[in-house]
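Participant: Take a look at the following structure, please.
Bear in mind that the values in this text are calculations on the coordinates, not laboratory data. All figures in this text were calculated on a predicted structure; none of them were measured in a lab. Cβ placement follows ideal geometry from the backbone for every residue including glycine, while neighbour counts extend to all protein chains displayed.
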Amino acid sequence: MITFEGAAKHYPDGTVAVAGLDLTVESGRTTVFVGPSGSGKTTSLRMVNRMVEPTSGKVLVDGRDVRSQNPAQLRRSIGYVIQQAGLFPHRTVRDNIATVPLLLGRGRGRARARAAELMDLVGLEPSQAKRYPHQLSGGQQQRVGVARALAADPPVLLMDEPFSAVDPVVRTGLQDELLRLQAELRKTVVLVTHDIDEAVRVGDRIAVFRPGGELAQYDTPERLLTHPVDDFVESFIGYDRGVRRLAFFPANHLSLREDVVLDDQDTVERALNTVDTAGEPWALVVDQRRLPLGWVAADRLRREPSGVELGRLDLTAYGHTFDVERDSLRAALDAAVLSPAGRAVGVDGDGRVLGVVSQADLGGAIWSVSG
Amino acid sequence: MDVLNELVAWFSDPGQWSGPDGIPVRTAEHVQYSLLGLLVAALIAVPVGLLTGHTGVGGFATASLANFARALPTIGVLFLIVLAAGIGLVPVVTALVALAVPPILVNTHEGVRQVDPALKDAALGMGMRGGQVLLRLELPVAVPLVVNGLRTAAVQVVATATIAAYVGVGGLGRYIVDGQARQDLTMMLGGSVLVVLLAVVTTLLFAGLSRLLVAPGLRSLAAAHR
Ligand SMILES: Nc1ncnc2c1ncn2[C@@H]1O[C@H](COP(=O)(O)OP(=O)(O)OP(=O)(O)O)[C@@H](O)[C@H]1O
Ligand SMILES: [Mg+2]
């Protein structure tokens with residue numbers, strides 16, 4: 001647990017970087033500091049490992065004032081990941097990762113063995129051990145940065161905009177990786193970012209900072225999106241917060257239609273009967289194991305010979321599916337919007353079709369949760 | 001063409017290659033003064049440059065001192081020291097040290113200064129102490145510039161060590177000074193050719209040294225930026 005008690009940083013030139021922060025970061029969770037540029041996120045983060053000393057107030061790690069410990073020793077027990085990774089250009093990937101174990105006096109052999117373990121943990125190939133940082137992609141460099149911070153197995157991990165230097169696709173991958181690692185390692189992570197989407201994705205708790213180094217709101221992602229405390233927070237989290245919020249509602253309350261799901265051995269005649277009765281413009285065709293094959297439009301059925309089996313027709317691609325038990329309303333909405341039929345295909349854990357939902361039905365469900 | 005023939009004759013004379021004023025002995029003397037001057041200069045300038053670069057303290061003083069020293073005429077320094085300390089090896093080496101310190105000092109200082117602040121931040125943030133940051137990060141990253149400074153200094157020292165002859169000691173400068181006294185143009189020319197050759201060899205040696213000392217990661221990085 002990390003506790004900020006009235007921690008403030010005033011610079012001699014009059015800048016108030018942090019105005020007096022009171023905040024408790026829970027152990028084993030990911031806490032995100034988010035806010036506009038210059039709002040004191042980095043300064044607050046760096047108070048934890050004494051890279052910045054507060055001008056008043058204090059910071060405690062597990063109840064102990066960080067100032068009671070020697071800075072170098074304290075920092076060896078706290079992982080630190082910075083923007084652009086900050087890897088040493090003259091050292092191989094392996095030796096970069098081994099930095100802290102070597103500082104702690106572990107022998108070179110043990111330190112390198114540990115580095116190899118960590119490379120595996122963060123998804124780097126063993127063949128990259130002897131490469132130099134500039135021979136890696138930006139995403140790989142960030143992985144090395146994370147591995148280096150974890151090398152001495154510190155209970156606390158500080159990350160200052162760790163993914164901001166890579167492109168959005170790589171960033172999403174790295175965020176997933178962090179979530180996976182965190183599920184396994186349960187570190188106390190404090191992560192700084194500008195990006196509210198990143199905060200919502202990786203954070204268990206989010207602290208929103210406002211200019212002047214003040215804490216505007218400290219809440220779970222869901223509370224933050226549903227109950228922003230003021231106009232500043234509301235505009236910071238953005239006007240599409242409504243869509244983001246859908247990520248917190250499960251898709252399993254949606255009513256799925258099963259009547260327009262047809263077997264590939266059904267005939268065109270049978271299908272026409274079904275869509276006309278249901279009053280639906282599209283039907284979904286599935287195979288014998290109920291795996292989706294594709295959509296067929298009612299207009300199209302009228303032009304085909306009535307005896308033909310549906311499996312013999314050219315079907316329209318069904319696009320993305322959503323997992324009814326595990327996905328959120330946001331995933332279902334995504335699937336519907338991206339589908340050529342304007343309908344989303346709901347599947348079970350094995351990918352078998354449970355039913356379909358139209359945008360109109362989705363709209364109703366969204367309406368009912370957003371009141 | 002006459003000059004060239006006489007030069008070839010001068011070099012081919014077996015008498016030139018033996019005895020206390022033969023080419024091998026004179027070259028050895030020359031190398032000895034140069035090495036001594038360079039070594040003493042490096043022992044002073046590298047640590048001072050590392051320290052001023054690391055702390056950022058004395059950066060301005062370093063640069064000013066280096067500029068001042070660069071403006072000094074070496075021969076003037078030599079005669080001043082001879083007046084103070086008398087004739088011999090000491091004034092020669094002292095003058096060479098004065099010449100060699102500025103390029104080594106400035107390059108070392110700059111080499112450490114130009115290490116990316118984000119890297120220093122990462123090093124401190126991982127729990128390195130000041131000295132560890134200097135030895136494990138700043139020095140290895142500064143090596144290319146340090147070697148560069150040493151090379152510049154070495155070439156200057158080799159060229160300038162000829163002044164030793166003015167104060168009665170040996171080295172390749174003897175051919176130039178004695179040749180001048182005897183109005184022997186060929187001898188002066190022979191001496192100059194030897195000094196130039198030695199300077200070329202020095203440059204080559206430092207190219208090799210830099211391959212040896214610069215971390216492979218930095219070398220491939222520099223190659224990638226080319
Ligand atoms: N050494 C310093 N001297 C004076 N002011 C400083 C110093 N370091 C930081 N500041 C100021 O303190 C304020 C907070 O800086 P900080 O780096 O914590 O912001 P941040 O929220 O991390 O911003 P960003 O998102 O741009 O990284 C800024 O206004 C900054 O200019
Ligand atoms: Mg910052």
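Participant: Within a 10 angstrom radius of the beta carbon, how do A:Glu222, A:Glu198, A:Glu161 rank from fewest other beta carbons to most?
Facilitator: A:Glu222, A:Glu161, A:Glu198
Participant: What does the net charge come to around B:Glu29 if you take all other residues with beta carbon closer than 15 Å to its beta carbon, with K and R at +1 and D and E at -1?
Facilitator: In short, 0.
Participant: If you plug each phi of the range B:164-171 into the Karplus form 6.51 cos²θ - 1.76 cosθ + 1.60 with θ = phi - 60°, what whole-Hz ³J(HN,Hα) values come out, in order, with x for Gly and Pro?
Facilitator: 3, 5, 5, 10, x, 9, x, x
Participant: Ok, one more. Under 12 Å from the Cβ of B:Lys120, count the other residues' Cβ atoms, weight Lys and Arg +1, Asp and Glu -1, and hand me the total.
Facilitator: Residues near B:Lys120 contribute -1 overall.
Participant: Summarise the partner chain shielding of A:138-148 as one whole number: the mean count of Cβ atoms from other chains within 10 Å of each residue's Cβ.
Facilitator: For this peptide, the per-residue mean of nearby foreign Cβ atoms is 0.
Participant: Report the percentage of all Cα-Cα pairs in the protein assembly as shown whose separation exceeds 42 Å, rounded to a whole percent.
Facilitator: 50
Participant: Over the alpha-carbon set of the range B:2-225, divide Rg by the Kirkwood Rh and report the Rg/Rh ratio to two decimals.
Facilitator: That ratio equals 1.08.
Participant: Taking every DSSP beta bridge that has both residues in chain A, what percent is antiparallel when rounded to the nearest 5?
Facilitator: 60
Participant: Hey, in the GNM for chain A with a 10 angstrom Cα cutoff, which one of A:Asp153, A:Asp197, A:Asp350 fluctuates hardest?
Facilitator: A:Asp350
Participant: Mind checking which of B:Leu135, B:Leu39, B:Leu145 has the largest fluctuation in a GNM of chain B, springs on alpha carbons under 10 Å?
Facilitator: B:Leu135
Participant: Kindly rank A:134-146, A:171-183 from highest to lowest mean number of other beta carbons found within 10 Å of each residue.
Facilitator: Highest-to-lowest ranking by the protection proxy: A:134-146, A:171-183.
Participant: Pull up the cross-link candidates among the aspartates and glutamates for B:Lys120, meaning alpha carbon to alpha carbon under 16 Å and not fewer than 8 places away within one chain.
Facilitator: Output for B:Lys120: A:Asp160, B:Glu110, B:Glu138.
Participant: Working only with C-alpha atoms, what are the Rg and Dmax values of the range B:135-226, expressed in angstrom?
Facilitator: Using the Cα atoms of the range B:135-226, the pair Rg, Dmax is 18.4, 56 Å.
Participant: Let me ask something additional. For each of A:Ser39, A:Ser368, count neighbouring Cβ atoms within 10 Å of the residue's Cβ, then give the residues from fewest to most.
Facilitator: In increasing order of surrounding Cβ atoms, one gets A:Ser368, A:Ser39.
Participant: So what is the diffusion coefficient of the range A:95-254 in µm² per second by Stokes-Einstein at 20 °C and 1.002 mPa s, using a Kirkwood Rh over Cα pairs?
Facilitator: It diffuses with D of about 122 µm²/s by this estimate.
Participant: What net charge do the residues around A:Ala332 carry, taking every other residue with its C-beta under 13 Å from that of A:Ala332, with Lys and Arg at +1 and Asp and Glu at -1?
Facilitator: Value of the local net charge: -2.
Participant: How big is the dipole moment of the range B:2-225 about its Cα centre under a simple scheme where the beta carbon of each Lys and Arg is +1, that of each Asp and Glu is -1, and everything else is neutral? Debye, nearest 20, please.
Facilitator: 740
Participant: Which three lengths, in whole Å and largest first, does the range A:251-369 cover when its Cα atoms are put on their principal axes?
Facilitator: 44, 27, 20
Participant: Could you work out Rg/(2.2 N^0.38 Å) for the range A:142-225, with Rg from alpha carbons only?
Facilitator: Compactness ratio reported: 1.11.
Participant: Separate question: What is the P(r) of the range A:10-165, as percent of Cα-Cα pairs per 10 Å bin from 0?
Facilitator: Bin by bin from 0 Å, the calculated values are 10, 36, 32, 18, 3, 0.
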